[in-house]
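Asks: The structure follows.
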Amino acid sequence: MDLGIDVDYIYSKEEAMEHLTAIYDDPEHLLSGQHIGVGKYTVRNSLDKLYKATGKFPAVLSYDVSNAYRDAGYGDTYTTLVADDFAEYAKQGGLISMCAHMTNPDPDIDPSTIDGGPYRGTLNTIDKWDQLLLKNGNTSDNAIHTNFMTELSAIADFLQKLEDRGVTVFWRPYHETNGAFFWFCGASIPKKIEHVSIWPGVIEYDREVDVSAEYFTELWIMTYVIYSSS
């Protein structure tokens, strides 16, 4: 896959950050990017279509690794081909962003009943979130945590292929969280019920507490720790 650009050098993590910082600080320049679909030849096909339409290649390609894992027959041959294509794109100056519409890990959810796909819906109780995050005595043998770890592991295998090729990736899981679009969005995290006892037997009541920031932060930290240690 030759883009006709004689670079043959992949930005290191530090160089990629320096490049982005320089562009961000320069009001006269910007980087144009494109989010692409999934499929064995999606990188080369997308670049070909974009070039035919514009006469240029995008500076950034964004890819949803979870959609690929679920929908496109994620396997070694598939991921190797996609990783090779991304590496060729990176060698010619391209920057790569990876997002992840993580699958709803609740085994009680029937994806066919969720409007918009298997990454929608909610973990509709705090107890289920505690199972995912291994809080309040929950251990790793529960189904919610196991399903979540299975997808994290599959994604890690693909990201490892990119790392093996020296490709820098801007990794951004759990995106678009300022709504209720996905199970991991802030508004999708249920409120926690706390019992308040001001005067036992006289003034007692339950109240809802928004713990979305706390639980989302713990989800991010857990993912970071798992990937950092693998």
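The values are calculated or read from the model by the stated rules, or taken from the named source; none is laboratory data. Only a predicted model underlies this, so the values are computations on that prediction, with no experimental measurement involved. Quick reminder, even Gly has a Cβ in these numbers, built from the backbone with ideal geometry, and neighbours come from all protein chains shown. In case anyone asks, the SASA skips ligands and DNA or RNA and just uses the protein heavy atoms, side chains included. Shrake-Rupley method; radii C 1.70, N 1.55, O 1.52, S 1.80 Å.
Asks: If the cut-off is 18 Å between C-alpha atoms, which lysines fall inside it for Lys56, apart from same-chain ones fewer than 8 positions away?
Replies: Leaving aside lysines fewer than 8 places away in the same chain, those within reach of Lys56 are Lys91.
Asks: Can I ask one more? Could you give the nm distance between label points at Ala143 and Ile193, where each point is 7 Å from its Cα heading toward the beta carbon?
Replies: 2.3
Asks: Which of Ala143, Ala22, Ala59 moves most in a GNM of the chain, Cα contacts under 10 Å?
Replies: So, out of Ala143, Ala22, Ala59, the one fluctuating most is Ala22.
Asks: Something else: Quick one: pull the percent of accessible area on the chain belonging to carbon and sulfur, 1.4 Å probe, ligands and nucleic acids left out.
Replies: In the chain, the share of accessible area belonging to carbon and sulfur is 52 percent.
Asks: Hey, another quick one. Taking only C-alpha pairs under 8 Å that are 6+ residues apart, what is the relative contact order of the chain in percent?
Replies: Result for the chain is 19 percent.
Asks: Reachable lysines from Lys192, Cα under 16 Å, same-chain residues fewer than 8 places away excluded?
Replies: Lys128, Lys135
Asks: Still on this structure, please answer the following. Which value, in debye to the nearest 20, describes the size of the charge dipole of the chain about its Cα centre when Lys and Arg Cβ atoms bear +1, Asp and Glu Cβ atoms bear -1, and nothing else is charged?
Replies: It works out to roughly 420 debye.
Asks: Can you tell me the length gained on complete extension of the stretch Thr54 to Trp220, counting 0.36 nm per residue apart and subtracting the Cα distance?
Replies: Full extension of this stretch gives 56.0 nm more.
Asks: Could you pull the Cα extents of the range 1-150 along its three principal axes, largest to smallest, in whole Å?
Replies: Extents along the principal axes, in whole Å: 54, 34, 27.
Asks: Please state the relative contact order of the range 70-202 as a whole percent: Cα pairs under 8 Å, 6+ residues apart?
Replies: 32
Asks: Gain in length, Tyr41 to Asp84, computed as 0.36 nm per residue apart minus the alpha-carbon separation, to one decimal in nm?
Replies: That pair, Tyr41 and Asp84, stretches by 14.4 nm at full extension.
Asks: Suppose we keep just the DSSP beta bridges with both residues in the chain; what percent of those would be antiparallel, to 5?
Replies: 35
Asks: When only DSSP loop residues count, what GluC sites (Glu not before Pro) in the range 165-229 have their Cβ near at most 12 other Cβ atoms within 10 Å?
Replies: Answer by residue number: Glu176.
Asks: Full-extension gain between Ser97 and Glu28, please, as 0.36 nm times their residue separation minus the C-alpha to C-alpha distance.
Replies: Roughly 22.6 nm would be gained on extension.
Asks: Oh, and also: Only Lys, Arg, Asp and Glu count, each charged at its Cβ (+1, +1, -1, -1), so figure out the dipole size of the range 71-125 about its Cα centre, rounded to 20 debye.
Replies: The dipole magnitude comes to about 220 debye.
Asks: Amide H neighbours of His175 under 5 Å, counting only residues 5+ apart in sequence or on other chains, H built in-plane at 1.01 Å?
Replies: Ala100
Asks: Heavy-atom accessible area per residue, the chain, 1.4 Å probe: how many Å²?
Replies: 55
Asks: Under a plain spin-label model, where a point goes 7 Å from the Cα along Cα-to-Cβ, how far apart in nm are Ser112 and Asp157?
Replies: Simple spin-label model gives 2.7 nm for this pair.
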